[in-house]
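S.K.: Take this structure, written in structure tokens, and hold onto it; I'll ask about it next.
The numbers here are math on the coordinates, done by the rules we state, and not lab data. Just so it is clear, the model here is predicted, and its values are computed rather than measured. Here the Cβ is made from the backbone with ideal geometry for all residues, glycine too, and neighbour counts use every protein chain on show.
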Amino acid sequence: MSTIEPGDHKAWMRLALSLAEQSPPKPSNYRVGAVLIDDEAHEVLATGYTLELPGNTHAEQCCLMKLAEKHGVPQDRLKEVLPTNMILYTTVEPCSKRLSGNLPCVERVLALAGSLRTIYVGVFEPETFVTNTGRKTLEGAGVAVVHVGGLEEGILSVATAGHVGEG
Ligand code: ZN
């Protein structure tokens, strides 16, 4: 599916950013892109971006919803059907709180702890809307959160494209 080399984190992050660009601009959320990878088979398992699926959906959430649909399991049983050595690239770190009351992406990816080994993030979540406490929670569960530098400017300009009075 891809010619990106395993371990070329910046190239994978660029792919996530290209997904974020497909997200419709809105004043009240970040346009984020995410790619979930099987780090053993070096396969893309799913891609997603903010508002890709109906509802107030986030990028990571869309990845997991698509996989649940594909495997015909509820999202809380995804771990049973997914590979055991996965990594996630996301342009903005997974949210730990949602004003809408939806399940935060940190909770969703925590359900994959043990199988999901590392989350590579392009930028840590700007704390405009909520304070992100997810990083510690994830690391406590054995999911490493690693910053991939060098694309921050592009990521933030895409993320906030619909925001009034910014960029
Ligand atoms: Zn989220």
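S.K.: How do the peptides 147-153, 137-143, 32-38 rank, highest first, by the average count of neighbouring beta carbon atoms within 10 Å per residue?
M.R.: The most tightly packed comes first, giving 32-38, 137-143, 147-153.
S.K.: Shifting gears a bit: Give the percent of DSSP beta bridges with both residues in the chain that are antiparallel, rounded to the nearest 5.
M.R.: 50 percent
S.K.: Can I ask one more? If you count, for each residue, the other Cβ atoms within 10 Å and average over each peptide, how do 101-112, 4-15 line up from highest to lowest?
M.R.: 101-112, 4-15
S.K.: Taking N as the number of residues in the chain, what is its Cα Rg relative to 2.2 N^0.38 Å?
M.R.: Rg over 2.2 N^0.38 Å, computed on Cα atoms: 0.95.
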